[in-house]
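Before any comments, here is the structure.
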Amino acid sequence: MKKKILTISIIALVAILLGGLYLWYMKLYGSASKIKIEEQARANYDYQVIASNHGIVSDYLWQRTKTLMTDSDANNLIPEYQMIAGRLSYQEAERSDSYRLEDQALLLRMYVRTGDRFSAISLKNSVYAYFDMASQSNRSLMAWTDAFMEYYSFYGSTEDFSRIEELRDLLFDDEGNVRAEDLTVVAYMELESNEDPTFSNVTGIEIASINLRLISELENNGMLPQGSYQKNLELVLGSSVSSELPLFAYAYVDGIYVYSHNVPAAVDVEESVITMRHLSEVDELPDSSYAWLKNTLMNNGVLRSQFYYSQGITSGEEAADIYPDIMHIALCIDDSDLYERAATLIGMRVATYNNSPALSMVFREIDGRFIFYARENIDICLAVA
């Protein structure tokens with residue numbers, strides 16, 4: 001009899017626990033609104049082979065990046081960069097104390113891409129504990145909202161949906177226009193070699209911050225008014241410098257486009273390529289812009305950071321920051337030659353020393369020290385995985 005009572009008690013307790021779990025789940029997830037996101041271009045086996053031929057293997061790169069750069073002591077966030085120990089005894093490893101929301105967005109996307117639900121949820125919680133979203137730039141908010149929408153489609157709760165709505169309200173007005181923000185632009189003027197450029201504070205919209213795929217997804221899910229995507233697309237396409245120079249402006253300020261960003265009388269090539277990436281993701285990249293990018297990269301071997309009007313050439317530092325963006329553009333357009341050229345340039349900076357803690361990661365060498373940037377390494381992972 002006692003055994004029977006014990007069995008019944010256990011069954012009742014289990015039922016209560018299961019019922020409680022069910023109610024908890026329904027409260028947290030059951031009433032969460034469903035959203036549909038657009039499938040993004042990803043590297044198939046052929047593209048992965050191209051990357052591998054240049055030393056870029058997503059699994060190795062991802063595992064090393066996680067091991068070297070993510071740290072539970074830092075609330076699961078990833079720092080902007082990690083510098084490994086140098087050859088001399090006093091050259092100790094250094095980790096950036098700066099955390100960028102854009103980098104956390106890429107990290108979240110990789111956790112979702114690899115099906116790591118626990119890490120994704122943990123990172124999300126850490127991000128909302130660390131960052132004040134209202135103080136972030138449009139570019140950072142767009143990147144986080146984009147990643148967060150993807151996260152939500154897999155693991156999202158009702159609270160997460162409310163957060164997406166809050167992000168939307170920070171980024172857009174009631175008519176679906178991107179909100180203007182404080183920017184700094186260089187004055188358009190010719191300078192002597194010993195003169196420093198003059199900068200102005202303006203209020204406007206960075207063209208490269210406009211994530212068209214995200215805007216399309218928000219509109220398609222009823223979170224932005226109809227026509228929001230189309231008018232933002234027209235704003236971006238309208239920023240092209242000219243038919244002869246199919247690069248894109250830096251910003252839209254008081255009804256006009258501002259073409260120079262941080263160098264007088266020059267178009268910022270890196271900003272233009274990021275804009276091209278956003279256009280390629282919605283199949284709207286103009287043929288002329290694509291041809292300019294490919295021809296310049298193939299003919300010159302590398303891409304330079306500025307296009308100077310007066311000289312009609314690209315010059316300045318190598319635009320290594322946007323080689324991952326070019327890989328993504330190549331995936332969207334399905335251009336294996338462009339993908340391979342970008343992979344070749346990145347492959348020259350893959351760490352190959354077997355005893356290095358950063359083996360297989362992509363480095364920058366500055367003053368003889370090796371630095372590994374979160375943005376570069378994770379975005380390359382996304383372009384290969």
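Of note:
- Here the Karplus curve 6.51 cos²θ - 1.76 cosθ + 1.60, taken at θ = phi - 60°, turns the phi angles of the stretch 333-338 into couplings of 8, 6, 10, 5, 5, 5 Hz, with x standing for Gly and Pro.
- Reported label for calculated mean projected area of the Cα convex hull in nm² given (1) 17.8; (2) 43.1; (3) 25.0: (3)
- Whole-Hz couplings from phi, Karplus 6.51/-1.76/1.60, listed for the stretch 362-372; x for Gly and Pro: 9, 10, 10, 9, 10, 6, x, 10, 9, 10, 10
- The stretch 341-385: chymotrypsin sites (Phe, Trp or Tyr not before Pro) falling in loop per DSSP and having at most 12 other Cβ within 10 Å: Y353
- Accessible surface of the stretch 99-194 [probe 1.4 Å, protein heavy atoms]: carbon and sulfur percent: 44 percent
- The GluC sites (Glu not before Pro) found in the stretch 66-147 that occupy coil by DSSP, while having at most 15 further C-beta atoms within 10 Å, are E92.
- Listed residues P79, A249, M348: farthest to the positive end of the dipole of the chain (Cβ charges): P79
- Backbone phi angles across the stretch 149-164, fed through the Karplus curve with coefficients 6.51, -1.76 and 1.60 (θ = phi - 60°), yield HN-Hα couplings of 4, 5, 4, 4, 5, 9, 10, x, 10, 4, 5, 5, 5, 4, 5, 4 Hz in residue order; Gly and Pro are listed as x.
- Helix 2-25 and the longest principal axis of the Cα set of the chain meet at an angle near 30°.
- Taken about its Cα centre, the chain carries a charge dipole of about 2400 debye when Lys and Arg each add +1 at the Cβ and Asp and Glu each add -1 at the Cβ.
- Helix 269-281 vs. the chain, principal-axis angle (Cα, 0 to 90°, nearest 10): 50 degrees
- Contact order, relative form, for the chain: 21 percent (alpha carbon pairs under 8 Å, 6 or more residues apart, mean separation divided by residue count).
- Accessible-area order (highest first, 1.4 angstrom probe) of the listed residues R113, R213: R113, R213
- GluC sites (Glu not before Pro) within the stretch 210-256: DSSP coil, no more than 11 neighbouring Cβ in 10 Å: E244
- Taking the C-alpha atoms only, the angle from helix 117-130 to the longest principal axis of the chain is near 70 degrees.
- Per residue solvent-accessible surface (Å²) - the stretch 292-376, probe of 1.4 Å: 43 Å²
- Total charge dipole magnitude, the stretch 116-184, about the Cα centre, Cβ charges on Lys, Arg, Asp, Glu only, Debye to nearest 20: 320 debye
- The charge dipole of the stretch 279-385, taken about its Cα centre with unit charges on the Cβ of Lys, Arg, Asp and Glu (plus for the first two, minus for the last two), comes to roughly 460 debye.
- Positive-pole candidate from M327, L279, I313, dipole of the stretch 260-334, charges at beta carbon: I313
- Largest first, the residues M298, M348, M361, M133 sort by 1.4 Å accessible area into M348, M298, M133, M361.
- Within the accessible area of the stretch 246-385 (1.4 Å probe), percent carbon and sulfur: 45 percent
- Amide H contacts for S240 (H built 1.01 Å from N in the peptide plane; partners 5 or more residues away or on another chain; cut-off under 5 Å): A249.
The values are calculated or read from the model by the stated rules, or taken from the named source; none is laboratory data. Keep in mind that what you see is a predicted model, and the values were worked out from it rather than measured. Cβ coordinates were reconstructed from backbone atoms using ideal geometry, including for glycine residues, and neighbour counts include every protein chain displayed. Just so you know, the surface numbers come from the protein's heavy atoms only, side chains and all, with ligands and any DNA or RNA stripped out. Shrake-Rupley method; radii C 1.70, N 1.55, O 1.52, S 1.80 Å.
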